[in-house]
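A.B. asks: The structure is given below, and queries will be raised subsequently.
The values are calculated or read from the model by the stated rules, or taken from the named source; none is laboratory data. Nothing here was measured: the structure is a model prediction, and the numbers come from that model. In this analysis, Cβ positions are derived from the backbone assuming ideal geometry, glycine residues included, and neighbour counts consider all displayed protein chains.
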Amino acid sequence: MARCSVCNQRTGYIDTGGFHGRFRSGEPLQPFCPWCIANGKAAEKYDGYFNYFSFLALEESDLPAHIKKIPEDQLDELVFRTPRYSSLQGTEWFIHCHSPCIFLGKTKWVAIRNNPDIFNDINNDGVWFNGRKSEEELDAGWLEYWLTNEERVGYLFKCFHCGKYLLNVEYT
Ligand SMILES: [Zn+2]
Ligand SMILES: [Zn+2]
């Protein structure tokens, strides 16, 4: 069992999913146990964060309006106390109705095809690619092509408030 680099406890659950922290030579930043992530001690110890948005590089005053409207405690929880999900090229966490969405996990075409609620939301306007909104016309055949290909992965989210499904597709 791995040992948490914050509390030094050995636990069966350990996170190595990615973290941006201040480098200290000779001191490994990870792994972290789930408790040190959830109580904020991991982010605090290494002065870092788990999840990010491109806006983090901007000045506070330049933040997009939809990000400014996220309650600060929710933003803090996502950035500092939520482990990153495993992905190919970094991560993009959806915001909808001014809150971080629920991450449901990786998904494949068959799961979307078999659930009309998910399919309809995504077919209407829910697909993004590596964090950017698709400008292509979507149809079932196109989604099937993308999500049955081994090199493409879909990450499914759901809005806490309105229940809408959103899909981020990554390619290698
Ligand atoms: Zn710990
Ligand atoms: Zn919503």
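A.B. asks: Within the set of pairs 6 or more residues apart or between chains, which connect a residue that is under 20 Å from His98 (Cβ atoms) inside the range 147-172 to a residue that is acidic (Asp, Glu) and surrounded by 13 or more Cβ atoms within 10 Å (Cβ to Cβ) with Cβ atoms less than 8 Å apart?
C.D. replies: Partner pairs satisfying both residue conditions: Lys164/Asp121; Tyr165/Asp121; Leu166/Asp121; Asn168/Glu92.
A.B. asks: Kindly establish whether Glu44 is modelled with pLDDT under 85 and either away from ligand 1 (no atom under 11 Å from the Cβ) or aromatic (Phe, Trp, Tyr) (or both).
C.D. replies: Taking the combined requirement at face value, the residue does not satisfy it.
A.B. asks: Let me ask you something else. Could you grab me the full set of residues in the range 72-86 that are more than 16 Å from Cys101 (Cβ to Cβ) and assigned to a loop (DSSP other than H, G, I, E, B)?
C.D. replies: The one that is more than 16 Å from Cys101 (Cβ to Cβ) and assigned to a loop (DSSP other than H, G, I, E, B): Ser86.
A.B. asks: Could I ask something else about it? I'd like the full set of residues that are of a type in the set (A, V, I, L, M) and modelled with pLDDT under 85, limited to the range 57-78. Quick ask: steps written out before the conclusion?
C.D. replies: Just the residues of the range 57-78 that are of a type in the set (A, V, I, L, M), to begin with: 57-58, 63, 65, 67, 70, 75, 78.
Ala57, Leu58, Leu63, Ala65, Ile67, Ile70, Leu75 - these are the residues of the range 57-78 that are of a type in the set (A, V, I, L, M) and modelled with pLDDT under 85.
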